[in-house]
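The next block holds one structure in the form of structure tokens; read it before the comments.
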Amino acid sequence: MEKIILLHGSGHRAASWDKTVSYLKNREEALCPELAALLSGRAAGYPELYAAVARYCDSIGGPVHLCGLSLGGILALNYALDFPEKVKTLVLIGMPHRIPKAAFAVQNAVFRFLPRSVFDTMAFDKSGTFALGRSMKHLDFSARVGAIRCPVLILCGERDRANLKSAQFFAQTIKGAQLRYLRRSGHAVNEDSPAALAEQLNQFYASHP
């Protein structure tokens, strides 16, 4: 089987996938890069981060199974749109089809008052988190997602209210996309329901070996 690349969100690190990977039938094929490390010291702007992720995916060789949560889902979708021949399957989890500017503004206002230590468990430090947020506020994939042709699985925690409508949008707009909700799970489904998430991934990958 081709490699499975799991991309984490901005509020987590690569280790957030550990429990999910432990339940995967093809766990030996799973790769979980640390997004900050891919930047190799460069600024944490979205263009720089996306370019780093693209280089990482290219380095694997051959088509890959891409799976991304939140920020990771945005990066995975971006890569699948730009390089369709390099993506065998795509799994999008808890992500928006366009950046909610109002919600981002509120989030950034809250972040400004948080101590730097709070960001120790997040993907980027405080300054990097703000730089990334500023560079992403105009992202909008809604007009492009219909071009996706590889098999797609859309997943969303049933308690992730911020992304339920986007999950439905993706399922309705991407031809043949499957939509599944994870019960009793919030936004971080890989931490809330790792076994249930792995079960969905195992079924999906078994259908597209």
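The values are calculated or read from the model by the stated rules, or taken from the named source; none is laboratory data. Since the model is a prediction, treat every value here as computed from it, not as a measurement. Neighbour counts run over all protein chains shown; Cβ positions are idealised from the backbone, glycine included. Surface accessibility is based on the protein's heavy atoms, side chains included, excluding ligands, DNA and RNA. Shrake-Rupley method; radii C 1.70, N 1.55, O 1.52, S 1.80 Å.
In the stretch 200-209, the condition of being open to solvent by 50 Å² or more (accessible area, probe 1.4 Å), of a type in the set (Ser, Thr, Tyr) and under 17 Å from residue 89 (Cβ atoms) is met by at least one residue. Total residues in the stretch 159-193 satisfying the condition of being assigned to a loop (DSSP other than H, G, I, E, B), among the charged types (D, E, K, R), at negative phi and without any contact (Cβ under 8 Å) to a residue 40 or more places away in the chain: the figure is 3.
Annotation note: Cβ proximity below 8 Å between a residue of the stretch 1-25 that is in contact (Cβ under 8 Å) with a residue 24 or more places away in the chain and a residue that is charged (D, E, K, R) and assigned to a strand (DSSP E or B) (sequence gap 6+ or interchain) occurs for 2/88. Please go through (1) touching a Lys or Arg at 6+ places or on another chain (Cβ under 9 Å); (2) in contact (Cβ under 8 Å) with a residue 40 or more places away in the chain for residue 138 and return the number of the only condition it doesn't satisfy. Status for residue 138: all satisfied but (2).
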